[in-house]
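J.: One structure coming up, written as structure tokens, with questions to follow.
The values are calculated or read from the model by the stated rules, or taken from the named source; none is laboratory data. What you see is a predicted model, and the numbers here were worked out from it, not measured in a lab. Neighbour counts are summed over all protein chains in view; Cβ atoms, including those assigned to glycine, are modelled from backbone coordinates with ideal geometry.
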Amino acid sequence: MRPITLKVSGFMCFRDEQAPLDFSELELFAISGPTGAGKSSVLDAMTYALYGKVPRMGRGSVRELISHGRDRMTVTFEFSVHDRRFLVARSTRRTGTSAVQMDELHGTTSSPLAEGARQVQQAVARVVGLDYDAFTQAVMLPQGDFARFLKGDRAQRRLILQELLRLTVYGRMRELANEQCKDARRSVDMLEQQLQAYA
């Protein structure tokens, strides 16, 4: 997935409508600036457009992302996957009402792909190839985890990667498989003993 343009209004620190961020001509880009300038909010806006939530929200309401003094937020995110272009437009009011639509862009025309939270969520997962959890783990490394990762020793980095990528589940699966293997060996041993008793 490559970002093309991002337009936000009333979203977190972007209280007023902002000029669209245009990534279309960039092969590589860095989001830099002083603390509190909105660097993380740019990434949060992309995530919100795609999935309707952001990691820093936790279990809180999406309405908490609306800028102070505004009654709604809107985020429009254009991106490409391979040679296809897509646009997701999402808005939420303080009253709780929201609207979201995803279109595929064809030059100067577009065709609707999905409308409504569930349908857009499914379309994004299908097009991007990642659901929200996978996206936030693989693409959006939280700042605190990134700092811990950079400063940590080899063992700490391994633990952080296991947490982020949820690799611990595979370790648990290995343990369960080993337990089942031991149980199966015990059963085979018992059956062999019973067969020898009859021989």
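J.: List, please: which pairs have Cβ atoms under 7 Å, are six or more places apart or on different chains, and start with a residue in segment 21-32 that is closer than 16 Å to VAL81 by Cα and end with one that is modelled with pLDDT of 80 or more and hydroxyl-bearing (Ser, Thr, Tyr)?
T.: Filtered contacts from segment 21-32: PHE23/THR5; SER24/THR5.
Residues checked against (1) of a type in the set (Ser, Thr, Tyr); (2) farther than 26 Å from ARG72 by Cβ; (3) touching a Leu at 6+ places or on another chain (Cβ under 7 Å):
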position: ARG2; (1), (2), (3): no, yes, no
position: LYS7; (1), (2), (3): no, no, no
position: PHE14; (1), (2), (3): no, no, no
position: GLN18; (1), (2), (3): no, no, no
position: LEU26; (1), (2), (3): no, yes, no
position: PHE29; (1), (2), (3): no, yes, no
position: GLY33; (1), (2), (3): no, no, no
position: ALA37; (1), (2), (3): no, no, no
position: SER40; (1), (2), (3): yes, no, no
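J.: State all residues of segment 75-88 that are over 17 Å from ASP22 (Cα atoms) and out of contact with any helix residue (DSSP H, G or I) (no Cβ under 8 Å at 6 or more places or on another chain); if no residue qualifies, say none.
T.: Once the filter is applied, which keeps residues that are over 17 Å from ASP22 (Cα atoms) and out of contact with any helix residue (DSSP H, G or I) (no Cβ under 8 Å at 6 or more places or on another chain), segment 75-88 yields HIS82, ASP83.
J.: Please find, within segment 132-170, the residue that is modelled with the lowest pLDDT out of those that are within 27 Å of GLY52 (Cβ to Cβ) and small (Gly, Ala, Ser).
T.: Out of the qualifying residues, it is GLY144.
J.: Return a yes/no flag: does segment 77-85 have any residue that is more than 22 Å from ARG2 (Cα to Cα), part of a strand (DSSP E or B) and of a type outside the set (A, V, I, L, M, F, W, C).
T.: No, that holds for no residue.
J.: Among the residues of segment 39-64, what is the count of those that are of a type in the set (Val, Ile, Thr), surrounded by fewer than 23 Cβ atoms within 10 Å (Cβ to Cβ) and at pLDDT 75 or above?
T.: Qualifying residue count for the region: 2.
J.: Only one of SER80, SER91 is closer than 21 Å to VAL139 by Cα, modelled with pLDDT of 85 or more and among the hydroxyl-bearing types (Ser, Thr, Tyr); which?
T.: On inspection, the qualifying residue turns out to be SER80.
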